[in-house]
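Worksheet for the structure shown next.
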Amino acid sequence: MARIDPRLAPAYTVAQAAHYLRIPAPTVRSWVLGRDYPRRSGPGRFDPVIALPADPEHRLSFRNLIELAALRALRTEHEFKLSAVRTALAYARKKLGVADLLASQDLYARPGELFLEHY
């Protein structure tokens, strides 16, 4: 039986993650589970920004906590729009093969700029 890396194992509830990181629980929930919202043209969907490990209880891994902390910093300290973060995540995944950009040691940011040192 293969052992899972403990950093990737589901371990934290949304409430625990929110408490530990001091991020409102609804924000954490939206970032990791997505949410539906109403629009004039019909229901809309806010897709998750951070992928959770396979877990029926939607528990977060330690790496997810790191990703949440990085995402919060990008949104609050560096004033990135979530759409810009999504674009950067998609680019890193598709063009650079970096699936875990928010947890990467090569991720650097300053106001209005997001880049990878290695790439």
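The values are calculated or read from the model by the stated rules, or taken from the named source; none is laboratory data. Since we're looking at a predicted model, the values are computed, not measured. Backbone-built Cβ (ideal geometry, glycine too); neighbour counts: all protein chains shown. Just the protein is used for accessible areas: all its heavy atoms, side chains included, with ligands, DNA and RNA removed. Shrake-Rupley method; radii C 1.70, N 1.55, O 1.52, S 1.80 Å.
Worth pointing out:
- Only Lys, Arg, Asp and Glu carry charge here, each on its Cβ (+1 for the first two, -1 for the last two); on that basis the chain has a dipole of about 380 debye about its Cα centre.
- Residues within the reach of a label modelled at A15 (point 7 angstrom out along Cα to beta-carbon, backbone nitrogen below 20 Å), restricted to region 21-45, are 21-34.
- Kirkwood Rh (inverse of mean 1/r, distinct Cα pairs), region 47-104, angstrom: 12.0
- Within the chain, helix-based [θ] at 222 nm, where runs of 4 or more DSSP H residues each add -39,500 (n - 2.57), nearest 500: -12000 deg cm²/dmol
- Put the Cα centre of region 1-32 next to the Cα centre of region 60-107 and the gap is 15 Å.
- For the chain, carbon and sulfur atoms together expose 52% of the accessible surface, with a 1.4 angstrom probe and every protein chain in place.
- Along the chain, the longest continuous region that contains none of the trypsin sites (Lys or Arg not before Pro) in a DSSP loop with at most 12 other C-beta atoms within 10 Å is 41-80.
- Dipole axis of region 1-92 (+1 Lys, Arg; -1 Asp, Glu on Cβ), positive-most option in P43, T27, S61: P43
- Calculated accessible area for the chain comes out at 68 Å² per residue, all protein chains present (probe 1.4 Å; ligands, DNA, RNA ignored).
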